[in-house]
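The structure's right below; bear with me while I get my questions together.
No lab work stands behind these numbers, since they all come straight from the coordinates. All of these numbers come straight from a predicted model, not from anything done at the bench. With ideal geometry, Cβ positions are generated from the backbone for all residues, glycine too; neighbour counts draw on all protein chains shown.
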Amino acid sequence: MAAHSFVAKLGRLRHKTPSPTRRPRAGFQGHAMPLPPHIRLAPLPALRPRQRALAAFALLSVLISAPALAQSDPVVARVNGVEVRQSDLTLAEEDLGQNMQHLTGSARRDFLIGYVADVILAAKAAEAKKVAEQKEFKSRLAFIRNKLLMEMLLNDEGKAAATDQAMRRAYDEAVSEMSSEQEVRARHILVATEAEAKAILAEVQKGTDFAELARQKSKDPGAAAEGGDLGYFAKDQMVPEFSEAAFKLEKGQLSEPVKTQFGWHIIKVEDKRKKPAPSYDSVKDQVEAFVIRRAQAAYIAKLREGAKIDRLDK
C-alpha cells in the first residue's frame, strides 16, 4: 500500500458537527490496502439462506463429533442427546450476524439455542434423506471448507503481524508524511444572497462582533450556534470555492463574499497551522486493522507468486 493513502486516512480521524461546506471524508473503514474481495476478517458475516443451510450441516458435524471440552465451554442444552455448548452459540451468533441486532439478554440467548437446535434437527433429517450424498452438497461443502480454511489462516497471519513494534512503525511512517499538511481554523456566516453577504461584511468591518452576527444571521445550523466556528480543516475537507478563499487569507483577515452551492459566505480566518497527528492511543485500533490487512495482502501475493494457475476458459 502506498504510504500516502494511509497517511490521509490517519489524518481524518477527527469529528465535528458537519457544516454544509464540509465535504465527507472516509475513515479507516475503507482501507486502501488492496485485498481480494473474497477475503474477510472474522467474525464472518451472515450467509444467504442456501449457504446458511450448508453451513448449518457443517456445524452439525462439529456438534456431533466434537470431543469432550473443558469446563470453560459448558454444555448449555441437549437436542436428542446432542450436546450444545457455549462455543456453538458463539458460532451461531456469528452466522446470524445483523439478524440479531434487535435481541438482547435472555431473549437473545433463547433465540440462539433455538437456532442451534433447529440446525441439529434439520441436519439430522437431511442425513436421513441422504442429502449429504448429493453431488451439489459435496461440491458446496468442499468450497465452504476451503474458504473457511483460507479465512482462518489469514486471520492468524494478520494477528501474528500486528505486533506493537509493527503498529508503532506504521503509525510513525504515517505521521512523518502528514506533518506538512496545512489546516485553517475559520468562522463563516452563510446567507442566501450576495447583497446580504455584502451587508454583513460591512457590519463586521465597522466593528460588529463576527461570532455574534453568525449566531444571529447564519443559515448554517451546525456552525451558527458556535459563532460560525468550523474548527480546523484541511483544504480538501471543504467545497473548493470555500477552501480556495479561506486558505488565501491570513490570520484575522476577512473574505469578500464567496459563492458556493450552499449560498454566500463571509469567512474569517482565526488561525493557521500544520495539521497535528492524532495520538497513537487514539488510533491504535485503526492502525492494527491496517497492519493486519497489509500482512494478509502480502501473504496472498506471496502464495500467488509461487502458484501455477492455468486458465482453461481462454
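Less than 17 Å from a label point 7 Å out along the Cα-to-Cβ axis of Asp110: which backbone N atoms in the range 83-100 qualify, by residue?
It comes to 100, nothing else.
While we're looking at this one, here's another question. Under 19 Å Cα to Cα from Lys135, which aspartates and glutamates show up? Leave out anything in the same chain fewer than 8 places away.
Glu127
Moving to a separate point now. Can you list the aspartates and glutamates whose alpha carbon is less than 13 Å from that of Lys274, not counting same-chain residues fewer than 8 positions off?
Partners found: Glu177, Glu181, Glu183.
From the cross-link list Lys251/Lys275; Lys198/Lys219; Lys235/Lys268, which pairs have alpha carbons spaced over 22 Å apart?
none
With θ set to phi - 60°, apply the Karplus curve 6.51 cos²θ - 1.76 cosθ + 1.60 along the range 121-133 and write out the HN-Hα couplings as whole Hz, x wherever there is a Gly or Pro.
5, 5, 5, 4, 5, 5, 4, 4, 8, 6, 4, 5, 8
Pull up all non-local amide H partners of Ala77: gap of 5 or more, or a different chain, and H-to-H distance under 5 Å with H placed in the peptide plane.
Long-range HN contacts for Ala77: Val84.
Please report, in cubic angstrom per residue, the volume enclosed by the convex hull of the alpha-carbon atoms of the range 182-274.
79 Å³
Collect residues whose amide H, placed 1.01 Å from N in the peptide plane, falls under 5 Å from the amide H of Lys272; neighbours closer than 5 in sequence don't count.
Those lying under 5 Å, H to H, from Lys272 are Arg185.
Using each residue's phi in the range 307-314, evaluate 6.51 cos²θ - 1.76 cosθ + 1.60 at θ = phi - 60° and report the 3J(HN,Hα) Karplus result to the nearest Hz, with x for Gly and Pro.
Going residue by residue, I get 9, 10, 10, 9, 8, 9, 9, 10 Hz, with x marking Gly and Pro.
If you don't mind, there's one more thing I want to ask. List every residue whose amide H lies under 5 Å from the amide H of Leu254, counting only residues 5 or more places away in sequence or on a different chain, with H placed 1.01 Å from N in the peptide plane.
Under 5 Å from the amide H of Leu254: no residue qualifies.
Right, another one. For the pair Glu173 and Ala117, what calculated FRET efficiency results from E = 1/(1 + (r/R0)^6), where r is the Cβ-Cβ distance and R0 = 45 Å, to the nearest 0.05?
Details: r = 51 Å, r/R0 = 1.13.
About 0.30, to the nearest 0.05.
In sequence order, what are the phi-derived ³J(HN,Hα) couplings for the range 148-159 according to the Karplus relation 6.51 cos²θ - 1.76 cosθ + 1.60 with θ = phi - 60°, rounded to whole Hz, with x for glycine and proline?
5, 4, 4, 5, 5, 4, 5, 4, 5, 4, x, 5
Moving on. Could you let me know the centre-to-centre spacing of the range 225-284 and the range 187-220, using Cα atoms, in angstrom?
16 Å
Can you pull the one-decimal nm distance between simple spin-label points at Gln261 and Ala199, each 7 Å off the Cα toward Cβ?
Output for this residue pair reads 2.8 nm.
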